[in-house]
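Values quoted throughout were computed directly from the atomic coordinates according to the rules given, and no laboratory measurement underlies them. Remember, predicted model here, so these are calculated numbers, not experimental data. Note: ideal-geometry Cβ built from the backbone for every residue, glycine included; neighbour counts use all protein chains shown.
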Amino acid sequence: MLISGAEVSRVEDSVRRICTAYGGERVDVFAVATAIFASVHSREYGTVTQIRRITAPRYDLFRLSRLNALSRRICAEKPAFEEVENELEDIRTNTPVYPPERIFFMYALISFSFTLFFGGNLQDALASAVIGLFLRCMDYVSRHLQLPPYIAAVLWSFAGGCLAQYFVSKNFGDSADLISIGNVMLLIPGMLLTNSIRDIFSGDTLSALMNFCNAFLLASLIAFGFALPNFIWGM
């Protein structure tokens, strides 16, 4: 659930309820954006503590919805562990994904729409749509190479800024800034920022600070990557 984008309060509550449903008398759970710590005590089996490190978040709200439904069913029906494992494996492997062509279309549409929204003309929007397709290709490559997210964000944004300058230099578009702004909207860490605000209102200050710092750093690197080509072309 945490990997798929759940806020830490939901994760802690789900773990606590599941452990209680299976006989835990005292359950202490602490979750942050990168780890889950759980300690369960019972007279039957003593105290058991587990730690899970979260290293590669992959936001998927549909998968999160299925995991949330499974956690509720576990608490209500208390199925056998083998049945739970089978259901988890089904969620991991059979959660539907959008076909590649639809994802490419959405990247192009988002870039095109935001460039028009912020005042770009039709040529600017078309150039932004083409760059959006290129950024999606870079996303596939970076996932295949397992690049760290911060390095990948800098590379994406720098390449997008260079392409924006190239289109303007070839008179296919009037403003590299307006072309780039449509592509920036593809990369901004909206989920991280949203979860940090949720965590603040839930009282999970540590997780909120971690998510906010990650979002701020990622946004700063994206801005730097898009601004660097403007600086180079202006020299």
> Can you give the longest stretch of the chain with no exposed loop site, where a site means GluC sites (Glu not before Pro) in a DSSP loop (not H, G, I, E or B) with at most 12 other C-beta atoms within 10 Å?
Replying inline: 45-235
> If you line up the long axis of helix 149-169 against the longest principal axis of the chain, both from Cα atoms, how many degrees apart are they, to the nearest 10?
Replying inline: 20
> How about segment 50-109: which trypsin sites (Lys or Arg not before Pro) there lie in a loop by DSSP and see at most 12 other Cβ atoms within 10 Å?
Replying inline: Arg58
>> If you take every residue apart from Leu61 with its C-beta less than 15 Å away from the C-beta of Leu61, what net charge results, scoring Lys and Arg +1 and Asp and Glu -1?
In response: +3
> Given only helices, namely DSSP H runs of n ≥ 4 each adding -39500 (n - 2.57), what is the per-residue ellipticity at 222 nm of the chain, to the nearest 500 deg cm²/dmol?
Replying inline: -23500 deg cm²/dmol
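Which of the trypsin sites (Lys or Arg not before Pro) found in segment 133-197 are loop residues per DSSP with 13 or fewer other Cβ atoms within 10 Å of their Cβ?
Hits after loop and neighbour filter: Lys170.
Calculate the all-directions average of the projected area of segment 1-126's alpha-carbon convex hull, and give it in nm².
10.2
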>> As I understand it, the value is the acute angle between the Cα axis of helix 176-187 and the longest principal axis of the Cα atoms of the chain; what does it come to in degrees, rounded to 10?
In response: 10
> Once the other residues with Cβ under 13 Å from the Cβ of Ala215 are scored (Lys, Arg +1; Asp, Glu -1), what is the net sum?
Replying inline: 0
> Among (1) 46, 46, 42; (2) 75, 34, 31; (3) 70, 45, 35, which one is Cα extents along the principal axes in Å computed from these coordinates?
Replying inline: (2)
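Using Stokes-Einstein with the Kirkwood hydrodynamic radius over Cα pairs, what translational diffusion coefficient do you get for segment 100-234 at 10 °C and a viscosity of 1.306 mPa s, in µm²/s rounded to a whole number?
My calculation gives 104 µm²/s for D.
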> Expressed as an acute angle from 0 to 90° and rounded to the nearest 10, what is the orientation of the C-alpha long axis of helix 61-77 relative to the principal long axis of the chain?
Replying inline: 10
